[in-house]
Structure formats: C-alpha cells, structure tokens
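The values are calculated or read from the model by the stated rules, or taken from the named source; none is laboratory data. None of these values were measured; they are calculated from a predicted model. Every residue, glycine as well, gets a Cβ built from its backbone with ideal geometry; the counts of neighbours run over all protein chains shown. Remember, those area values only see protein heavy atoms, side chains included, never the ligands or the DNA or RNA. Shrake-Rupley method; radii C 1.70, N 1.55, O 1.52, S 1.80 Å.
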Amino acid sequence: MPSPYRAIFAAPGSKGFSAAGFFGRMPLSMMGIGVVTMISQLTGRYGLAGALTATLAMAAAVFGPQVSRLVDRHGQRRVLRPFTLVSVAAVAGLLICAQQGAPDWTLFVFAAGAGCVPSVGSMIRARWAAIYRGSNRELHTAYSWESIVDEVCFIFGPIISIGLSTAWFPEAGPLIAAGFLLVGVFWLTSQRATEPIPHPKSQHTGGSALRSPGLQVLVVTFVATGAIFGAVDVVTVAFAEESGHKAAASLVLAVYALGSCLAGAVFGLLHLKGKPATRWLVGVCAMAVSMIPLQLAGNLPLLAVALFVAGLAIAPTMVTTMALVEAHVPRTKLTEGMTWTSTGLAVGVALGSSAAGWVVDAAGAKAGYAVPAVAGALAAAVAFLGYRRLAKPVPTGGRGEDDRHLRTDDDERVA
C-alpha cells in the first residue's frame with residue numbers, strides 16, 4: 001500500500017471500520033443489478049425489472065437522509081441496526097413474492113421497504129472526518145481510499161450478484177446482498193470507539209442540510225450522474241443478453257468500476273492545489289463526454305474498453321464531492337449532507353434504470369445507451385450553472401476545530 005494510505009490507517013480502529021464498511025456497501029453494487037437479473041430471469045420483463053430497481057432507489061432516496069439525520073442526532077449504533085433489520089426483512093419478502101409469482105404490486109411494496117437501507121458509505125466517511133478533522137491532506141487520502149473501496153465493491157458486486165443469479169438460482173444475488181448488509185452494519189456498529197459522538201441537541205438547528213446552496217448543486221448534479229450509472233447497468237445486461245453472453249455483463253461492469261478504482265488510487269496519492277470546485281466541474285464534464293463512445297460499441301470487448309475509459313472520471317469526481325460537502329455543510333449535519341449526495345445518485349439511478357429499461361424494451365439494447373448520454377449532458381449543464389455556488393466559500397459552523405467527537409472508553413461504559 002502506498003505510504004499516504006498506510007499513514008491514514010495509523011489511527012486506532014480505522015482498519016476495522018473501513019473493513020466493515022466494505023461489507024456494508026456491497027449491496028450498493030449488488031442489489032439493483034441483482035433485482036434486474038432476477039426479474040429478467042423469472043419473467044423476461046426488463047421494463048418491470050427497471051421499475052423495481054427504480055422503486056428501490058427512490059425509496060433509498062427518501063429514507064436515506066432521514067436515517068442519517070437521526071444518526072447525527074442519536075449515533076450510528078442506535079439508528080442503523082433497526083433500519084437494517086427492516087430492510088433485510090423487506091428484501092426477503094421481495095424474493096419470496098418474485099419466486100412465487102405474486103402480483104406485481106407486492107414486488108413494489110417490498111422493494112420500497114428494502115429502500116430504507118442506511119447509507120453505509122456516509123457513515124464510514126463521517127468516521128474518517130471525525131478522526132482527521134482539520135487535516136486536509138489525510139482526509140483527502142481517506143476519502144480517496146473509501147472511493148477505491150466503493151469501486152472494488154462495484155468490481156466484485158455485479159460479478160457475484162449476476163453470477164449467482166444466473167448459475168445458481170435467480171434470487172441468489174439479492175439474497176447474498178442482504179447478507180452482506182447485515183454483517184457489515186452489525187460489525188460496524190459494534191465498533192464504538194471510532195463512532196462519532198452526536199452533537200448536543202441545541203446545536204441541531206437550521207433545518208435540513210439541504211438548505212445549503214452548494215449542497216443543492218451537488219445533489220441535483222448527482223441526480224443526472226446517478227441516471228448515467230443506473231442506465232449503464234440495465235442497458236449493459238440487456239446488451240450482453242442480445243449478444244448471447246448475459247453472464248458476461250458482470251465482467252463488463254466490473255471493468256467500468258476498475259477504471260474508477262485505478263483513477264481513485266492515483267488521485268489519493270496526489271497533493272492537489274487549486275479550487276476543489278474547478279476539479280469537480282472538470283470531472284463531471286469528463287463523465288459526460290465519456291458516454292459518447294458507448295454509442296459506437298458494436299460488441300462486448302469494445303464496450304468494455306469504452307466503459308473502462310469512462311470509469312476513469314468517476315472516483316476523482318466522487319472524492320472531490322466529499323470535500324465540497326465538508327466545505328458547504330455544517331458539521332452537525334455532516335452525515336446527512338454526505339447522504340444527500342448518495343440520495344441524488346439514488347434518485348438518478350431510479351430514473352436512469354427505469355428509462356433505460358423502457359427504451360430497451362421498445363428499441364433494443366444499443367438504443368438504450370442514448371439514456372446515459374443524455375443524462376451526462378444534463379449533469380454537465382447543471383454543474384456549469386451551479387459552479388459559482390460551489391466556488392464561493394461559506395462558514396460551516398466551526399470547521400477546522402480540533403473537536404474529534406470520538407467515543408472514549410468512558411463513553412462506552414456510560415453508553
């Protein structure tokens with residue numbers, strides 16, 4: 001591991017919570033694509049598959065910020081465990097109804113319930129922020145590391161989910177994803193020493209973190225960015241099936257994540273200067289442009305190359321986004337603010353996967369790649385229009401103070 005990454009793990013407990021976060025985030029890459037694979041296997045209806053994935057993502061968008069707001073006020077352990085159990089139970093209901101051929105409305109009910117899954121990535125990043133508050137260099141490396149972990153999840157998650165659902169039984173992918181969520185969240189919340197202490201109730205004023213103009217720009221842009229990701233997932237599965245190699249979709253999507261993973265690893269080694277807002281704008285535009293070559297890919301190998309190149313812009317943009325959230329959101333609402341960016345992605349995934357599913361059903365897989373191209377153009381347009389809000393510094397309530405808000409041994413005994 002390069003020295004900047006090795007250095008951040010000198011903090012006690014950091015290896016444990018980052019490892020738990022890996023397991024807890026695996027469902028992010030497995031659940032949606034697993035549902036698409038499961039429903040297409042059982043019914044052959046990509047429109048239904050895309051709509052269920054959209055419902056799952058929209059429910060996560062609704063519940064996610066509310067869960068994180070409760071975490072900022074009451075702590076990770078008290079909030080995450082009950083919500084995780086509800087989500088896992090809803091996934092079980094979804095799988096049973098799908099396997100038994102229950103009416104479509106039952107699938108949508110359980111998909112909505114499964115969406116109350118916590119934003120585990122935001123919880124991990126909040127722990128890093130508590131440890132390295134005021135240390136921009138270390139925090140940049142920590143966020144880059146977590147971006148690498150995200151992409152490793154997206155490399156292996158689709159392979160596991162699609163592979164199990166096609167080789168074992170259709171419900172296997174979502175089932176294993178629910179298992180990862182359960183293990184990851186309960187392992188994470190058992191690590192009390194690094195859990196950020198909730199701020200006093202008197203400090204939780206001013207309403208939602210989304211009132212921040214800068215955060216609003218990030219969230220709206222990420223809606224369009226999420227549409228890219230959701231559409232690419234659905235269309236790639238359909239494209240691989242039309243090519244006669246449906247299981248290969250997992251490998252192609254893994255290559256997409258691999259490009260982002262490698263870019264994130266390099267990005268974390270850099271000592272960057274200049275405005276984060278400018279880097280973010282360049283990253284969003286690069287993601288938009290990278291969608292154009294997908295229209296020209298005539299086979300799976302060419303598609304894999306195009307997606308690898310497209311992936312190079314993802315992780316650096318995500319890392320910079322977390323830095324911008326920290327710069328524009330009050331510290332008492334940091335977890336909620338980070339979750340709002342995930343919410344924007346979730347809404348976009350919902351819209352993109354749904355739109356892509358209908359386009360595939362109506363005009364075929366290759367036509368479906370127009371959906372992420374349009375979404376990329378919208379993301380770039382919003383980023384340009386909102387750039388001034390992000391470039392303008394704002395007070396965020398004591399940023400830079402050395403108040404680490406980590407639990408001590410005494411805190412654990414009191415808790």
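Suppose the filter is at pLDDT below 85, open to solvent by 70 Å² or more (accessible area, probe 1.4 Å) and under 30 Å from residue 236 (Cα atoms); does residue 45 pass it? Explain how you work it out, then say what you get.
Working: at pLDDT below 85: yes; open to solvent by 70 Å² or more (accessible area, probe 1.4 Å): yes; under 30 Å from residue 236 (Cα atoms): yes.
Answer is yes for this residue.
Just the residues that are in a helix (DSSP H, G or I) and closer than 26 Å to residue 335 by Cα, please, taken from the stretch 99-118. Spell out how you get there, then give the answer.
We begin by selecting, within the stretch 99-118, every residue in a helix (DSSP H, G or I); these are 99-100, 104-114.
Once the filter is applied, which keeps residues that are in a helix (DSSP H, G or I) and closer than 26 Å to residue 335 by Cα, the stretch 99-118 yields 111, 112, 113, 114.
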So residue 306, is it touching a helix residue (DSSP H, G or I) at 6+ places or on another chain (Cβ under 8 Å), more than 24 Å from residue 275 (Cβ to Cβ), modelled with pLDDT of 75 or more and not in a loop (DSSP other than H, G, I, E, B): yes
task: Output yes when any residue across the stretch 6-16 is without any contact (Cβ under 8 Å) to a residue 12 or more places away in the chain, surrounded by 15 or more Cβ atoms within 10 Å (Cβ to Cβ) and over 24 Å from residue 180 (Cβ atoms), and no when none is.
output: no
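Quick one: in the stretch 284-300, of everything that is open to solvent by less than 50 Å² (accessible area, probe 1.4 Å) and modelled with pLDDT under 90, which residue is nearest to residue 245 (Cα to Cα)? Write out each step before concluding.
Just the residues of the stretch 284-300 that are open to solvent by less than 50 Å² (accessible area, probe 1.4 Å), to begin with: 284-288, 290-291, 294, 297, 300.
Imposing the further condition that a residue be modelled with pLDDT under 90 reduces the set to 294, 297, 300.
Values: 294: 18, 297: 16, 300: 9 Å.
Per the criteria, the residue is 300.
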- prompt: Within the stretch 239-246, is even one residue more than 28 Å from residue 37 (Cα to Cα) and in a helix (DSSP H, G or I)?
  reply: no
query: Any chance the stretch 259-267 includes a residue that's under 15 Å from residue 360 (Cα atoms), part of a helix (DSSP H, G or I), of a type in the set (Gly, Ala, Ser) and open to solvent by less than 10 Å² (accessible area, probe 1.4 Å)?
result: no
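Return the total of residues in the stretch 230-254 being open to solvent by 40 Å² or more (accessible area, probe 1.4 Å), within 20 Å of residue 371 (Cβ to Cβ) and not polar (S, T, N, Q). Quick ask: steps written out before the conclusion?
The first filter runs over the stretch 230-254 and keeps only residues open to solvent by 40 Å² or more (accessible area, probe 1.4 Å), leaving 233, 241-245, 247, 251.
Right, trim to within 20 Å of residue 371 (Cβ to Cβ) and you get 233, 241-243.
From what's left, not polar (S, T, N, Q): 233, 241-242.
Of the residues in that region, 3 qualify.
Which residues, counting only those in the stretch 276-296, are without any contact (Cβ under 8 Å) to a residue 40 or more places away in the chain and of a type in the set (Gly, Ala, Ser)?
283, 286
Has the stretch 159-171 got at least one residue that is at pLDDT below 85 and under 15 Å from the mean Cα position of the chain (by Cα)? Explain how you work it out, then say what you get.
Looking only at the stretch 159-171, we keep the residues that are at pLDDT below 85, and these are 159-167, 169-171.
Add one more test, that the residue is under 15 Å from the mean Cα position of the chain (by Cα), and what stays is none.
No, every residue in the stretch 159-171 fails to be at pLDDT below 85 and under 15 Å from the mean Cα position of the chain (by Cα).
Give the residues of the stretch 126-185 that are basic (Lys, Arg) and buried (at least 20 other Cβ atoms within 10 Å of the Cβ), sorted by residue number. Reasoning before the result, please.
Going through the stretch 126-185, the residues basic (Lys, Arg) turn out to be 127, 133, 137.
The answer is 127, 133.
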query: Of all residues in the stretch 17-53 being of a type in the set (Val, Ile, Thr) and in contact (Cβ under 8 Å) with a residue 24 or more places away in the chain, which is nearest to residue 348 (Cα to Cα)?
result: 53
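When you scan the stretch 76-98, do you find a residue that is open to solvent by less than 40 Å² (accessible area, probe 1.4 Å), among the aliphatic types (A, V, I, L, M) and not in a helix (DSSP H, G or I), even just one? Give the steps one after another, and end with the answer.
Kept after step one, since they are open to solvent by less than 40 Å² (accessible area, probe 1.4 Å), are these residues of the stretch 76-98: 76, 79-80, 84, 87-88, 90-91, 93-95, 97-98.
From what is left, the residues that are among the aliphatic types (A, V, I, L, M) are 79-80, 88, 90-91, 94-95, 98.
In the following step, the residues that additionally are not in a helix (DSSP H, G or I) were identified as none.
No - not one qualifying residue is present in the stretch 76-98.
Scanning for something free of Cβ contacts under 8 Å to residues at least 12 places away in the same chain and not β-branched (Val, Ile, Thr), does the stretch 54-68 turn up at least one residue?
Within the stretch 54-68, the first condition is being free of Cβ contacts under 8 Å to residues at least 12 places away in the same chain, and the residues that meet it are 66.
Filter again for not β-branched (Val, Ile, Thr), leaving 66.
The answer is yes, given that some residue of the stretch 54-68 is free of Cβ contacts under 8 Å to residues at least 12 places away in the same chain and not β-branched (Val, Ile, Thr).
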task: Output the qualifying pairs, or none if there are none: Cβ atoms under 6 angstrom, residues six or more apart or on different chains, first residue in the stretch 191-217 and within 28 Å of residue 24 (Cβ to Cβ) and charged (D, E, K, R), second residue modelled with pLDDT under 60 and surrounded by 19 or more Cβ atoms within 10 Å (Cβ to Cβ).
output: 192/407; 195/407
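Is it true that residue 268 is at positive phi, over 17 Å from the mean Cα position of the chain (by Cα), at pLDDT below 80 and of a type outside the set (Ser, Thr, Tyr)? Full working, then the answer.
Details: at positive phi: no; over 17 Å from the mean Cα position of the chain (by Cα): yes; at pLDDT below 80: yes; of a type outside the set (Ser, Thr, Tyr): yes.
Taking the combined requirement at face value, the residue does not satisfy it.
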